[in-house]
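Beneath this line is the structure, given in structure tokens, with notes to follow.
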Amino acid sequence: MDKKDKTNRRFSPFNKDITKGLRISYNVIGNLLLLFFVIGLIGLCFAGGVGAGYFASLVKDEPIRSFEDMQRDIYNYEETSLIYFDKNVHLGKLNTDIEREEVKLSDVSPHVINAVVATEDELFYEHEGVVPKAILRALFQEFTNASVQTGGSTLTQQLIKNQILTNEVSFDRKAKEILLALRLEKFFEKEEILEAYLNVADFGRNSNGKNIAGIQAAAKGIFGVPAKDLTIAQAAFIAGLPQSPFGYTPFSNNGGEVKEELDPGITRMKTVLSRMLSAGYIDQTEYEEALAFDVRANLVAKKPSSVDQYPYLTYEVEDRAKEIIKVQLAEEDGYTAEDLKKDKKLDAQYRSLADVNLRQNGYRIHTTINKEIYDKMQDVVNNYEYYGSDKPEEVIDPDTGKEITIKEPVEVGGVLIENSTGRIISFVGGRDFERENLNHATDSKRPNGSTMKPLLVYAPSMELGKSQPGSVIADMPIASGYNPGNYGGGYHGLTSARTALKYSYNVPAVKTYKNILDQNPVSYLEKMGFTSLNKADYGIESLSLGAMTDGVTVEENVNAYATFANQGKFIDAYLIEKIENSDGQVIYQHEKVENDVFSAQTAYLTIDMMRDVINSGTATSLNGYLGFSADWAGKTGTGQDYKDAWFVATNPNVTFGTWIGYDTPKSLEQNYKGMSYSRRNILLWAKLMNVAHDVEPELLAPKNRFEMPGGIVQRSYCALTGELPSDLCRSAGLVASDLFNAKYVPNKVDDSLTRGKYVFVKDRAYKVPASAPSEFVQEGVMLKKEILEKHDISNLIDLRKLLPKTVRWDNLVITEGKEISDNGSNPRQVSGVSASGTRISWSANGDNDVLGYRIYAAPNFSKNFRKVASVLSTDSLAVSVGSTPAAYYIVAVDVGGNESAPSSIIKVGDYLEEKPKPTVPKDQKPNKQETSQKPDTNEDSPQSPSDSAPEPVTE
């Protein structure tokens with residue numbers, strides 16, 4: 001075909017139509033595609049705008065957070081606070097709902113980091129907080145309700161959700177999460193984000209059944225190793241837990257028991273290992289070795305927590321730390337500790353804030369407790385066998401609401417304090433914390449019995465110049481008002497304050513207290529840290545004996561006694577030395593504060609009086625129980641009806657006190673296994689001190705003694721009044737001596753004695769009447785009756801009761817101040833005459849005017865009786881007559897010189913053949929009693945003596 005034909009064919013009408021059609025189709029399709037593209041673009045832009053607007057609407061209320069805000073929120077997680085014994089010895093953790101221990105990323109095994117990244121966020125090091133593809137996938141799954149959802153949260157988003165937002169499932173929360181994740185990535189490095197995540201992630205439970213968070217708590221609580229030492233298999237197991245912490249955890253909530261079925265957690269571990277292999281973090285060999293790991297065999301065994309091992313101490317530390325932080329938080333807001341005391345609502349608010357801080361800030365709380373002493377003391381308490389019997393008590397069953405009977409044991413509380421610092425070295429909280437959850441050393445308030453006497457009575461009285469150790473007090477019934485008895489009953493007459501404290505006499509203590517009651521002695525207790533005093537107790541005299549409405553804790557009672565060892569300065573006891581935050585910065589340091597309570601002289605005199613309590617008083621048994629020597633001074637105490645037993649003692653270094661009793665007050669057994677309640681408590685005290693001494697001998701047994709300060713002198717005094725002794729006091733042997741504050745030495749000479757004549761009738765002395773036979777008139781030192789008024793004794797009592805045997809009271813009497821008169825009749829006949837060998841005795845005449853007795857004798861049983869002896873009514877009613885044969889009779893003689901009828905005759909010795917010649921008495925006084933009765937000729941009936949009667953021979 002030629003060229004022309006080709007040209008014609010190309011441009012034939014038919015070909016033109018085809019070309020035109022193609023061109024039109026192309027243009028139409030092109031325009032349609034362009035139109036669809038434009039429409040799609042517009043739609044996409046519209047959708048994007050709508051989406052952006054919707055997103056903006058979701059996050060419009062979310063504040064723009066600064067770096068500081070986000071840093072605070074991200075690191076604001078609960079970290080368990082730790083407790084330490086003295087000398088930085090680790091004790092354990094505070095009780096908390098979730099255990100967490102912060103750790104640096106550098107102290108975490110790289111296997112953990114790889115496992116978490118491979119499992120939770122494989123693009124962690126590439127994205128900027130979110131992965132759009134993952135978010136779209138998650139949205140698609142959400143809209144299509146897919147059965148398997150892979151999730152779209154990066155580690156950054158999970159950190160935001162845990163620390164800033166909530167777990168709420170909503171688009172609103174998700175939008176905020178994305179926004180904050182993007183912002184967080186701008187502020188923090190990847191390592192910082194990963195470290196924060198590892199410290200906040202939830203890892204289920206530990207072997208004690210406690211909830212745990214953070215990789216360190218998980219590593220220690222599941223496999224018993226720190227996070228830096230986790231193996232590949234261990235890291236994979238733990239890294240798989242956050243997806244379902246309580247589904248995959250190997251431990252139950254029933255005390256941390258290992259679950260029977262561990263397959264869910266192990267399957268998850270295998271998934272993690274597979275992802276680590278795929279991501280190249282481990283090789284095939286490592287993968288296969290990890291798969292063979294026996295999880296069950298490598299789980300850590302249950303470990304007793306600090307709460308399990310040291311419940312009394314752990315809860316006490318928590319409570320005190322909370323109080324410290326509470327005050328700090330309040331002061332930061334401009335409030336004072338006094339403001340909190342006055343406003344209970346404000347106090348509760350800051351206490352709640354303190355509790356939150358304590359549980360989430362990971363404090364390091366350093367205590368004053370010596371671990372070894374504390375442990376040994378608990379062993380003594382657990383093994384002591386002399387508490388006494390359990391006693392029944394009616395209680396309400398909390399489950400049924402019905403009344404049931406339980407057996408309540410004798411409980412115990414004790415506190416050991418270092419005097420110079422106030423450090424609580426150790427304490428005994430009780431025998432069984434689970435029984436009642438009550439710390440008997442710090443929380444249980446009980447009346448402190450006679451341990452109150454040095455604190456409230458004798459030391460304040462000496463400080464006020466009202467008494468001294470040698471002050472004389474009448475231990476006799478109080479004339480009016482409150483009139484207590486003494487332990488064991490009875491009274492002890494005139495006694496010194498030292499002796500009264502030594503033997504714990506109640507009446508002298510009350511009398512001394514009454515003498516200072518108008519000078520507010522309770523203020524001394526307040527200065528010494530008593531916080532539970534009830535206003536109703538302030539004016540009650542029985543407070544001097546430790547009778548209290550609410551009681552006092554063992555800690556406060558012991559702490560007050562340390563005041564005497566500190567020369568009268570009160571140093572408040574404390575248990576927390578310092579508190580550090582998780583970075584090691586000290587946020588609290590205890591500072592010692594001294595408060596003046598007593599002068600050094602008063603403190604020493606009280607110490608010296610309490611030495612006698614241990615050396616020869618109510619606590620003498622201690623000397624046989626204590627295994628070491630020290631300069632101890634102390635005081636015993638007994639509650640009303642024996643409901644409490646106390647013993648507190650101090651030496652130059654430490655003060656220690658114990659209490660025993662029932663939680664529901666009831667009487668202790670007065671005797672148990674051969675020991676009194678007081679001895680049982682003193683023995684326990686000694687055993688506790690002995691083990692403490694084994695640990696710290698230099699602290700418990702200082703070689704130095706309490707040092708006597710200046711201003712103390714020794715002076716003699718008259719034991720009748722406490723005043724300077726007179727010559728008569730010396731001649732009567734009534735001089736005693738004691739220590740005195742030089743400011744308050746006696747300056748008046750005793751004038752309670754005089755010398756004169758007197759007669760005795762029924763143990764009472766009277767002025768001598770003119771009619772009194774001279775043989776019954778005595779002369780000596782007499783006690784003026786005014787002394788009774790001085791000692792507030794209203795009625796004259798038996799002098800032998802007023803003047804005890806502790807001092808020589810020979811030939812000392814109190815006269816009635818009046819003459820005794822004749823009752824108008826002769827005395828009754830003497831009865832009960834008997835002989836034993838050469839000794840004759842008889843019964844006392846019951847008449848109220850008899851001065852004494854005359855003894856008449858007739859040699860060789862003749863009828864010639866003569867007076868051979870006179871005996872005072874106050875003397876022993878017996879005489880020795882020798883072995884010469886004779887007949888005897890006795891007559892009673894009254895104040896008027898009248899004799900009773902002769903008693904029955906008593907014969908002594910054998911009859912002699914040759915009788916002695918009778919002589920006529922020259923000075924025999926006639927009996928004014930007239931009688932017409934002739935002498936009986938019977939030998940057993942004596943003749944009455946008369947002016948003509950022969951005078952008997954006196955042997």
For the stretch 244-269, how many residues meet the condition of being in contact (Cβ under 8 Å) with a residue 12 or more places away in the chain, loosely packed, with under 15 Cβ neighbours inside 10 Å and part of a helix (DSSP H, G or I)? 2
Count - residues of the stretch 745-764 that are farther than 21 Å from Asp475 by Cβ and surrounded by fewer than 18 Cβ atoms within 10 Å (Cβ to Cβ): 10
Residues of the stretch 631-651 being closer than 19 Å to Gln567 by Cβ and crowded, with 20+ Cβ neighbours inside 10 Å, which ones? Trp632, Ala633, Gly634, Lys635, Val648, Ala649, Thr650, Asn651
Selection count, the stretch 467-517, where residues are part of a helix (DSSP H, G or I) and β-branched (Val, Ile, Thr): 5
Output the residues belonging to the stretch 628-663 that are under 11 Å from Gly449 (Cα atoms) and assigned to a strand (DSSP E or B). Lys635, Thr636, Gly637, Thr638, Asp644, Ala645, Trp646, Phe647, Trp659
Quick one: which of Ser450, Ser389 is within 21 Å of Ser667 (Cβ to Cβ), loosely packed, with under 15 Cβ neighbours inside 10 Å, polar (S, T, N, Q) and at pLDDT 95 or above? Ser389
Is at least one residue of the stretch 447-463 assigned to a loop (DSSP other than H, G, I, E, B) and within 30 Å of Asn515 (Cβ to Cβ)? yes
What's the total number of residues in the stretch 654-698 that are closer than 20 Å to Ala565 by Cβ and among the aromatic types (Phe, Trp, Tyr)? 3
If a residue has to be in a loop (DSSP other than H, G, I, E, B) and in contact (Cβ under 8 Å) with a residue 40 or more places away in the chain to count, how many in the stretch 541-555 make the cut? 6
For the condition under 51 Å from the mean Cα position of the chain (by Cα) and more than 30 Å from Thr442 (Cβ to Cβ), what is the one hit in Lys322, Lys259? Lys259
Among all residue pairs at least 6 apart or on different chains, which show Cβ distances below 8 Å where the first residue, located in the stretch 526-537, is under 15 Å from Val597 (Cβ atoms) and the second is surrounded by 12 or more Cβ atoms within 10 Å (Cβ to Cβ) and hydroxyl-bearing (Ser, Thr, Tyr)? Met528/Thr563
Quick check on this structure: which one of Glu289, Glu323, Glu332 is without any contact (Cβ under 8 Å) to a residue 60 or more places away in the chain and within 30 Å of Val428 (Cβ to Cβ)? Glu323
Within the stretch 359-411, work out how many residues are in a helix (DSSP H, G or I) and either over 25 Å from the mean Cα position of the chain (by Cα) or in contact (Cβ under 8 Å) with a residue 24 or more places away in the chain (or both). 13
Test Asn826 against the criterion of being more than 22 Å from Ala770 (Cα to Cα) and either at pLDDT 90 or above or more than 60 Å from the chain's Cα centre (by Cα) (or both), and give yes or no. no
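Condition check ((1) crowded, with 21+ Cβ neighbours inside 10 Å; (2) modelled with pLDDT of 90 or more) across all residues:
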{"site": "Arg205", "(1), (2)": "yes, yes"}
{"site": "Gly209", "(1), (2)": "no, no"}
{"site": "Gly214", "(1), (2)": "yes, yes"}
{"site": "Ala218", "(1), (2)": "yes, yes"}
{"site": "Thr231", "(1), (2)": "no, yes"}
{"site": "Ala236", "(1), (2)": "yes, yes"}
Qualifying residue in the stretch 568-590 (condition: surrounded by 17 or more Cβ atoms within 10 Å (Cβ to Cβ) and closer than 23 Å to Ala645 by Cα): yes
Kindly indicate which of Trp659, Trp685 is touching a Lys or Arg at 6+ places or on another chain (Cβ under 7 Å), buried (at least 19 other Cβ atoms within 10 Å of the Cβ) and under 26 Å from Tyr604 (Cα atoms). Trp659
Residue pairs meeting the criteria (Cβ under 6 Å; at least 6 apart or on separate chains; first closer than 16 Å to Ser900 by Cα and without any contact (Cβ under 8 Å) to a residue 24 or more places away in the chain, in the stretch 866-890; second among the hydroxyl-bearing types (Ser, Thr, Tyr) and part of a strand (DSSP E or B)): Val871/Tyr853
So Glu192 ticks every box in (1) more than 23 Å from Thr267 (Cβ to Cβ); (2) surrounded by 22 or more Cβ atoms within 10 Å (Cβ to Cβ); (3) within 50 Å of the chain's Cα centre (by Cα) but one. Which box is left unticked? (2)
Odd one out for Val89 among (1) more than 24 Å from the chain's Cα centre (by Cα); (2) closer than 19 Å to His366 by Cα; (3) not assigned by TED's automatic domain parsing to the domain that holds Lys220: (1)
Search the stretch 522-542 for residues being more than 17 Å from Ala573 (Cβ to Cβ) and among the small types (Gly, Ala, Ser), and hand back the single one that is farthest from the chain's Cα centre (by Cα). Gly539
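The values are calculated or read from the model by the stated rules, or taken from the named source; none is laboratory data. For clarity, every value in this text was computed on a predicted model and none was experimentally measured. Neighbour counts are summed over all protein chains in view; Cβ atoms, including those assigned to glycine, are modelled from backbone coordinates with ideal geometry.
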